[in-house]
Amino acid sequence: MNCNLCPRRCNIDRNLGKGYCGESNEIKIAKYSLFMFEEPCISGEKGSGAIFFSGCSLKCVFCQNYDISSLDFGKTITPNKLAEIFKELEEMGAENINLVNPTHFVKGIIEALKIYKPNIPVVYNTHGYENIETLNEISKYVDVFLPDLKYIDPMLSSKYSKCGDYFEKTSKVLLAMRKLKEDKFENGMMKQGLIIRHLILPLCTYDSIKILEWIKQNLLQTKVSLMAQYTPYAKASNYPEINRKITKREYDKVVSKYLELNLDGYVQERDSSSTIYIPKWDFVWQFLMLTLLQFKCNIKLILRVRGNNIIMMVNVFSLISKALDVAVTKFDSKDSINSKLYGIYAQFKSCVNDLPVAQLNYLYDQMETSCDRAKCLYSKSGNLDDLKIADVYQKFQKIISAKLESLKEYGKEYEI
Ligand code: SF4
């Protein structure tokens with residue numbers, strides 16, 4: 001059957017080709033993991049079980065997930081595998097199953113949810129540009145709607161997301177979502193309901209204010225999550241007016257309106273505008289490295305495919321793991337820890353020398369994510385070991401960054 005799942009209405013057979021979303025009928029995901037950066041009633045203490053779907057039917061020029069929404073990064077999976085992922089995330093302690101950008105895979109998702117319906121809430125986390133028919137279909141399988149309301153002004157939606165009818169369509173969808181799911185909470189966690197997200201964009205505060213007023217008038221008592229994490233990304237550099245973070249003045253203006261309207265929900269701090277909220281799309285490499293480390297017998301097979309780079313990566317990972325062991329081992333003399341670590345850093349430095357840019361970038365992202373995670377653990381537990389681990393990751397990151405900088409000097413930063 002031809003695809004008309006979203007308002008783009010491409011009317012094409014996705015078994016034979018791809019529509020505006022850039023995806024065939026096969027489900028493709030870039031990552032799944034416990035994710036701590038959603039609203040508190042979604043992430044809770046253990047994290048939301050987020051599954052990031054590749055492709056997108058909206059494709060905003062500033063997309064914070066550009067690599068997966070537009071560059072088709074990801075791995076194809078079957079509905080059966082998706083059902084297994086639901087189970088796995090549930091067993092990991094996820095507070096919910098969070099379907100991030102699911103619209104164009106609704107059919108496959110429904111198939112997976114028929115195979116296994118999790119015992120935790122299912123969150124439909126969408127850009128909001130939906131068809132009412134699609135929404136009615138998925139609403140039987142999901143519990144929480146987490147849509148964006150990005151713009152009211154058609155000039156903005158047309159310029160940044162190539163859809164002048166964004167508000168026309170999304171406003172109807174939000175009203176329908178409100179009717180479909182009444183809010184229900186247990187111990188502070190949302191079990192069913194609706195939260196509307198709005199991201200403040202540079203130079204667009206007039207639109208943000210109109211959005212808040214519209215919500216106040218039309219969706220009274222709906223939680224609103226005001227987001228300030230905008231960071232120029234993707235093609236934002238082609239639009240000078242949005243090629244910066246929001247200013248304090250812009251932030252204060254929108255937050256004042258939020259408070260004046262007495263809206264209920266969440267307001268993000270302005271210093272949240274960082275790439276820390278952008279997940280690293282490591283599905284393929286994560287999978288490969290886990291396969292390598294857990295099933296060493298497979299190494300020969302994979303080596304044939306990736307050659308020496310894999311050997312390098314294995315060395316790099318083993319050095320990282322050694323350094324972490326040293327950092328958290330209790331030595332009597334502080335010097336002996338430092339000298340051991342120093343030796344490992346030196347080996348790491350010579351090891352990364354031979355890695356190509358793609359893998360250096362991958363490692364850099366890994367170090368950043370791991371360092372953030374360790375810092376986050378430290379802030380919760382106060383355990384100094386977590387702080388030492390964060391230091392180690394940071395040091396590795398600096399070494400990689402120095403290598404990347406030196407490659408830039410020689411004009412090799414695009415080498416794969
Ligand atoms: S889901 Fe994709 S193919 Fe289907 S109508 Fe939307 S953009 Fe087009």
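A few notes on this one:
- Subset tally (residues that are surrounded by 19 or more Cβ atoms within 10 Å (Cβ to Cβ) and either away from the ligand (no atom under 12 Å from the Cβ) or basic (Lys, Arg) (or both)) for segment 15-35: 8
Matching residues to (1) closer than 30 Å to Lys46 by Cβ; (2) at pLDDT 75 or above:
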position: Lys300; (1), (2): no, no
position: Gly307; (1), (2): no, no
position: Lys330; (1), (2): yes, no
position: Leu341; (1), (2): no, yes
position: Ser350; (1), (2): no, yes
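- Considering segment 157-232, the qualifying strands (runs of 3 or more DSSP E), each wholly inside and each with 2 or more residues that are without any contact (Cβ under 8 Å) to a residue 60 or more places away in the chain and either surrounded by 20 or more Cβ atoms within 10 Å (Cβ to Cβ) or out of contact with any Gly (no Cβ under 9 Å at 6 or more places or on another chain) (or both), run over 189-199, 223-227.
- Residue satisfying condition, being surrounded by fewer than 24 Cβ atoms within 10 Å (Cβ to Cβ) and within 13 Å of the ligand (Cβ to nearest atom), within set Ile12, Ile85: Ile12
- Selection within segment 122-155 - hydroxyl-bearing (Ser, Thr, Tyr) and either outside the structural domain of Glu168 (by TED's automatic domain parsing) or within 17 Å of the chain's Cα centre (by Cα) (or both): Tyr124, Thr126
- The listed residues are Cys10, Cys21, and the only one of them that is in contact with a His (Cβ under 6 Å, 6 or more places away or on another chain), more than 28 Å from Lys191 (Cβ to Cβ) and at pLDDT 95 or above turns out to be Cys21.
- Condition met for Asn101 (among the polar types (S, T, N, Q), free of Cβ contacts under 8 Å to residues at least 60 places away in the same chain, within 16 Å of the ligand (Cβ to nearest atom) and outside the structural domain of Lys223 (by TED's automatic domain parsing)): no
- One residue alone among Ser43, Ser48, Ser54 is within 16 Å of the ligand (Cβ to nearest atom) and small (Gly, Ala, Ser), and that residue is Ser54.
- Whichever residue in segment 116-132 is of a type in the set (Phe, Trp, Tyr) and in a loop (DSSP other than H, G, I, E, B) and, among such residues, is farthest from Ala50 (Cα to Cα): Tyr129
- Selected residue (only one of Asp67, Asp72 is of a type outside the set (Lys, Arg), modelled with pLDDT under 95 and within 16 Å of the ligand (Cβ to nearest atom)): Asp72
- With respect to the stated conditions, Asp153 is touching an Asp or Glu at 6+ places or on another chain (Cβ under 6 Å) and either charged (D, E, K, R) or modelled with pLDDT of 95 or more (or both).
- Single match in Val142, Val123 (criterion: farther than 23 Å from Arg14 by Cα, without any contact (Cβ under 8 Å) to a residue 60 or more places away in the chain and either buried (at least 24 other Cβ atoms within 10 Å of the Cβ) or in contact with a Leu (Cβ under 8 Å, 6 or more places away or on another chain) (or both)): Val142
- Residues satisfying the stated conditions in segment 362-378, i.e. among the hydroxyl-bearing types (Ser, Thr, Tyr) and at pLDDT below 75: Tyr362, Thr369
The values are calculated or read from the model by the stated rules, or taken from the named source; none is laboratory data. Just so it is clear, the structure is predicted and the values come from calculations on it, not from any experiment. For neighbour counting, all protein chains shown are included, and Cβ atoms are generated from backbone atoms with ideal geometry for every residue, glycine included.
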